[in-house]
Every structure is written in C-alpha cells, then in structure tokens.
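See structure below.
Readers should treat all values here as calculations from the given coordinates under stated rules, not as data from a laboratory. Note that the structure is predicted; figures quoted are calculated from it, not measured. Cβ sites come from the backbone with ideal geometry, for glycine too, and all protein chains shown count toward neighbours.
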Amino acid sequence: MVIDCAIIGGGPAGLNAALVLGRARRNVVIFDNNQPRNAVTQESHGFLTRDGVTPDEFRAIAHQEISKYPAVVIRHTRITAVRNHESLFELVADNNEIFQAKTIILATGLKETLPAIEGIHDYYGKCLFGCPYCDGWELKDKPLAIIAEEGHAAFHMARNVWNWSRDLVICTNGHAVLTLEEKEALQRHNIRIVEGSITALVGKMGMLERIVFTTHDEIVCQGGFVVPQLSQASPFGAEFGCDRNAMGGIVTDQFGRSSVKGVYAAGDVCGGMLSQLIVAAAQGCAAAAGVNMDLTQSEFL
Ligand SMILES: Cc1cc2nc3c(=O)[nH]c(=O)nc-3n(C[C@H](O)[C@H](O)[C@H](O)COP(=O)(O)OP(=O)(O)OC[C@H]3O[C@@H](n4cnc5c(N)ncnc54)[C@H](O)[C@@H]3O)c2cc1C
C-alpha cells in the first residue's frame, strides 16, 4: 500500500500532524524511535490544558487520541534512509522494511550537545534547563547560573533570565567570549561574570548547590540555564537539499511546505526561535493541512 503521508518523528509536531491527517481521512504512518529532545525533563510547561504534564504522559494521551482514527498507524522504529523514487518517497526502516509514501513530513526534532562539564547531565532537566519560558517559573528568584560558552548566547540568555531572577552569574567555562559592551551592560544589572573553567558541579539528587572552578573559587546556586549546541536529529532535510535557515532549520511556508515538492517539515526541525511543544504541535497541524490540500488538489482533476 502507498501511504498518503509518512511522518518521521512522533513528538508533538508529528503527532499533531497525524491527528489532523487522520481526521482528514488520510492513510498515515508515524515512524518514531522515541528519543524526544525533552526526554530528560520531569515536567513540561506552557501547553494550555497540559501544564506540568510529564513527557511520557503527554505522548500517552496523544497516542490514545490518535488511536480513534484507524487510518493512522504508529511504528516504533527508526527510519534510516529516505529517497525519491518515481514520484514517490521510499523509506527504509532499521529492520530494512521498506515503505512507500506520496508525501513525507519531517518532524524529527533537534539534538542537544551540552558543554563538556563533568556531571552536567545529572542536573540537566532537574534544575538546569535550556529555556526560561519552559522552566523559568520553577526557578524564579533563586540564585542561578547561566552556563554558556558562546558570548552572544550567554548575554542573550542572561538578559532573558533576569526577568525571572536578579541573582545571576554567567559562567563561560574558560571562554573569554563577552564583549566589553556586554560586560558593562551585565555589570550595570549586577550580573556577575566568571570566565574560568568549571571543575565540578556539586549537589545532591540532581539539585545543584555549588559550582567549583579550576581557580578553586566557588559560587552558590540552586540551578540555572545552559546553552547547548543544537543540531538536526536526522539528516533528511539536508539530504533532500531542502532550503535551510542560518540555524540549519528547514525553511517552510505557512503550510509546512519545504522547497522540495512533497517534503514538509514541522516542529524543532524548522529551527525557529521558540522551541516549544505547543509551537511544534501547531506547526504539525499546519503541515498536515498543507499535505491534505496538495493531495486533494492533485486528486481533484
Ligand atoms: C530539558 C528540556 C525541557 C523542555 N521543556 C519544555 C517545556 O516545559 N515546555 C515546552 O513547551 N517545551 C519544552 N522543551 C522543548 C520541547 O521539548 C521541544 O520544543 C519539542 O519537543 C519539539 O517537538 P518536535 O516534535 O519538533 O520534536 P521532538 O519532541 O524532539 O520529537 C522528535 C521525535 O522524532 C524522533 N526521530 C528523530 N529521528 C528519527 C528517525 N530517523 N526515525 C524515527 N524517529 C525519529 C525522535 O525519536 C523523537 O521522538 C524542552 C526541551 C528540553 C531539552
């Protein structure tokens, strides 16, 4: 059977696309290997009606809702290759099974690489986070660290987080990356800057208490924000030659159409400025409408 739409990635972007396409009576297969970007976090915030839900709960509810639509199937597998084959797309799963689809939605998300600081993964998702809109409320008014190795990102994050806490220290972990202007602006707002390398993050049960530097200096903090390096979780957008923005995200129109016919994209894979579940879900909805419109147009001759 040729699938109307193969959705690669079953996070909020892919799942919402599947919901909308299922309701549009399209045959859909979602391929997902369950490695979402927010897997480390305990609670997700900012999604109206789901504020505080765990990532697992969010997926379970989505799967249950989608199961009402029999033309949508979820395959718990990784797609290893996608190619264009005689105006169809051919997808290869990791067990070498091959699927054919008229259209594909890339909803594969982003991967994060945290600064190479020993133990940082013990705290990430518990008291260290990547986005103040997601987790700033829980950290409000606490003594916080901003760990960022790139100057503009460090400054931008500190300026944002200042809205949630005035007790901030920027740690650039051995990188002298802030400009004089940025340093002056930070000092005017009593934001401390420590440029030395970090030796250790010290705390208990994932809750940070101190940061120790190679100079043996220490700062006290209860959490904070980290600026990770972001990269695409799958190579498919680049392999298809889809137009991409400065952050490597796939450029789409408002209905998720990429520059390559039949290839749509939604969610973090588009590399927008705001990585949020609700934004990803909305983009999934728009891409599904784009897919359905384009299929209907080609069928309605
Ligand atoms: C620590 C942390 C906390 C966060 N907290 C919040 C929060 O509180 N609120 C909020 O709104 N946002 C939060 N976010 C951001 C949020 O996680 C992302 O914006 C959102 O997950 C993006 O959804 P997505 O569907 O684009 O991608 P993802 O949710 O990352 O889903 C992509 C899916 O595609 C799958 N996949 C990738 N490649 C393949 C392949 N080749 N084959 C099959 N499957 C594949 C992955 O396994 C994954 O399941 C947080 C992020 C982090 C890192």
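So here's what we get for this one:
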| read-out | value |
| --- | --- |
| For Ile193, residues with placed amide H under 5 Å, excluding near neighbours | Ile170 |
| Diffusion constant of segment 186-237 at 25 °C, which comes from Stokes-Einstein with the Kirkwood Cα-pair radius and 0.890 mPa s, µm²/s | 180 |
| Candidate lysines - alpha carbon under 19 Å from Lys261, same-chain residues fewer than 8 apart omitted | Lys102 |
| Hull volume in cubic angstrom per residue (convex hull over the Cα atoms of segment 28-89) | 125 |
| Reachable aspartates and glutamates from Lys204, criterion Cα separation under 15 angstrom, eight or more residues apart if same chain | Glu118, Asp122 |
| Hits among lysines - C-alpha to C-alpha of Lys183 under 27 Å, sequence gap 8 or more where chains match | Lys140, Lys142 |
| Computed [θ] at 222 nm, deg cm²/dmol, the chain (DSSP H ≥ 4; -39,500 (n - 2.57); rounded to nearest 500) | -8000 deg cm²/dmol |
| Cα centroid separation - segment 237-267 against segment 130-187, whole Å | 31 |
| Neighbour-count ranking [beta-carbon atoms within 10 angstrom, fewest first] of Cys242, Cys171 | Cys242, Cys171 |
| Debye intensity ratio I(q)/I(0), log10, segment 1-134, q values 0.13, 0.17 Å⁻¹ (C-alpha model) | -0.63, -0.94 |
| Segment 190-301: translational diffusion in µm²/s, Stokes-Einstein, Kirkwood Rh over Cα pairs, 37 °C, 0.692 mPa s | 188 |
| Rg/Rh ratio calculated on Cα atoms of segment 118-192 (Kirkwood radius) | 0.95 |
| Volume per residue of the C-alpha convex hull in the chain, rounded to whole Å³ | 139 |
| Compactness of segment 14-53 - radius of gyration and Dmax, Cα, Å | 13.2, 35 |
| Listed residue (Thr296, Val2, Gly224) projecting farthest to the positive dipole end of the chain, Cβ model | Thr296 |
| For the chain, cysteines whose Cβ has no other cysteine Cβ within reach (under 4.7 Å) | Cys5, Cys127, Cys171, Cys221, Cys242, Cys270, Cys285 |
| GluC sites (Glu not before Pro) within segment 70-108: DSSP coil, no more than 15 neighbouring Cβ in 10 Å | Glu86, Glu97 |
| Under DSSP loop assignment and at most 14 Cβ neighbours within 10 Å, longest trypsin sites (Lys or Arg not before Pro)-free interval of the chain | 167-260 |
| Segment 141-233: projected area of the alpha-carbon convex hull, averaged over directions, in nm² | 6.6 |
